[in-house]
Amino acid sequence: MSDDPAPGFVRVRLDLAYDGADFSGWAKQRTRRTVQGELESAIATVLRLPGPVELTVAGRTDAGVHARGQVAHVDLPEDVWAAEHDKLRRRLAGRLPWDVRVFGVRQAPAGFNARFSAIWRRYAYRVGDHPGGVDPLLRGHVLWHDRPVDVGAMNEAAALLLGEHDFAAYCKKREGATTIRTLLDVRWSRRDDGVAVATVRADAFCHNMVRALVGAMILVGDGHRPVPFPAEVLAGRVRHSAVNVVRPHGLTLEEVGYPPDAMLAARNRESRNLRTLPVPGCA
């Protein structure tokens, strides 16, 4: 199945950021304010298009989750793009609300799909464990945990989660969707201001996956559970009552990775295949 723009249209890549606090997530909803809804409305308005536009995004963030490295694409009429491409970013800056910004607008290379061409997404989750609480100027982006967390212990636990697994124990199951993912990098660090930051990078994420993983690792960090606990939950493939899905405001989509242009179309096709794990003992 071809994913090329329709004849007479150009695929345009958008690089954007948003504060998720006042959005009901990315995906457009009839009665709720969403990032997709605001962007599609702004694009149609500033380009004076006769009909609606539809954005495809690299990762659909949940309500309250932030992004500063989000990527989306939209297919626009060739004549509109030719006339407006050098003015579109500035016009969107004047039309969009303060909590969503488009920083990059350019014609996408052949084979590009913001969602299916991506090879990884990188999130950061920020946790403050100072006994006095979180800096009020950071409160919208940092979770306060009322016990100190041991970054070293959480890194030991994180190392046991890497690789391709069925993350059903850490995902909200969706009909017809796989929960098999490849976790490429999970590591914790401590900033100079004392905030603990989890960097989580995978080829893709299922619903609630990062927030559930962070919830399990925090249980290790504050001493409630031993280092192997998050991996044991993963191996069980079912939700564990002790693991909380931490609040969304500590989570930010930081970056989306893509292959070289010549490999975009192949990655696009590959990503659409439903993944399964190999059966042990089978060739």
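The values are calculated or read from the model by the stated rules, or taken from the named source; none is laboratory data. All values reported here derive from a predicted model rather than from experimental measurement. So basically every Cβ, Gly included, is an ideal-geometry build from the backbone, and we count neighbours across all protein chains shown.
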* Structure fact -> Those residues of the range 108-130 which are under 12 Å from Thr199 (Cα atoms) and β-branched (Val, Ile, Thr) amount to Val127
* To do: With respect to Gly69, determine if the residue is touching a residue at least 40 places away in the same chain (Cβ under 8 Å), on the phi > 0 side of the Ramachandran plot and not basic (Lys, Arg).
  => no
* Structure fact -> So, first residue outside the structural domain of Trp26 (by TED's automatic domain parsing) and basic (Lys, Arg) in the range 186-211, second residue surrounded by fewer than 17 Cβ atoms within 10 Å (Cβ to Cβ) and assigned to a loop (DSSP other than H, G, I, E, B), Cβ within less than 9 Å, six or more apart or across chains; the pairs are Arg211/Asn244; Arg211/Arg247
* **Residue satisfying all of: in the range 13-30; touching a strand residue (DSSP E or B) at 6+ places or on another chain (Cβ under 7 Å) and of a type in the set (A, V, I, L, M); surrounded by the fewest Cβ atoms within 10 Å (Cβ to Cβ) among these** => Ala17
* Selected residue (criterion: farthest from Pro248 (Cα to Cα)) from residues of the range 66-118 that are surrounded by 16 or more Cβ atoms within 10 Å (Cβ to Cβ) and small (Gly, Ala, Ser) -> Gly111
* Asked: Taking the range 1-16 as the search range and keeping residues that are at pLDDT below 95 and of a type in the set (A, V, I, L, M, F, W, C), which one is nearest to the chain's Cα centre (by Cα)?
  -> Met1
* **Which listed residue is in contact (Cβ under 8 Å) with a residue 24 or more places away in the chain, outside any helix (DSSP H, G or I) and touching a helix residue (DSSP H, G or I) at 6+ places or on another chain (Cβ under 9 Å), from Asp15, Asp62** => Asp62
